[in-house]
Amino acid sequence: MSGPAIMASAASSSSPFATQPRLSTLLGGTLESTLHELLYVRRIYPRDSFAPNRFLGVSCHASRHPGVVDYIYNFLEVAVPALCTGTADELALVVLDSPPGRPESIMERFVFNFDTRDMNTKMSEALDDTRDQDGRVADMVRYLEPRLRDVLLQVVSMNGMDVRRPSSSRDSGRKRPRDGSQTTTGDNGGSGGGGSSDPSGNMTFKLALRIAPAK
């Protein structure tokens, strides 16, 4: 699988992040790769449902399931423009234990905080000089790439850490997600098919975006 290519769609703001495709694509691709890698390292889905991937020179993983891929992609189509313009300032991946007929409970929460307003101000000042805008954008990309690479590397380094599970869940029985679903089902030790006789073994994840408070 080649590197992700999320791009910020047209936005009403004239912020550099929103108006410079290279910058918005860089941010979107980093977020997409990072979210996929989080699902891999936290074992939300079986390891064999992921394919090797590479982004910004970092070896990582991407889900091969269309439902998961589409869910993340469609979320980022909204989230990236909002983050680029400063409309939103926080993105979270929340891992839930979601047993049928019972309340969901949060197992883990991974939060990414953003403050692009100051960066947009600095970029606007740099781009005021129209003599070499392409060169200035290239300089910004070179400045941002190692910092965004570090974010992805931090997630990759989580591989091997202890993973929280619902009390009845076992890795060997987790099912691949159904189309359009982000749910994983735990096995209660039954043989064949990986079915679950214990409804408390269900896991799911959700993505959330926080709107930035007015300043």
### Task
Search the structure for amide H atoms under 5 Å from the amide H of residue 108, placed 1.01 Å from N in the peptide plane, and list their residues when 5 or more places away or on another chain.
95
### Query
Using the per-residue mean of other Cβ atoms lying within 10 Å as a proxy for protection, in what order, highest first, do the peptides 53-61, 144-152 fall?
53-61, 144-152
### Cα extents of region 37-109 along the three principal axes, largest first (Å)
39, 32, 20
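Each value in this text was obtained by applying a stated rule to the coordinates, not by laboratory testing. All figures in this text were calculated on a predicted structure; none of them were measured in a lab. Backbone-built Cβ (ideal geometry, glycine too); neighbour counts: all protein chains shown.
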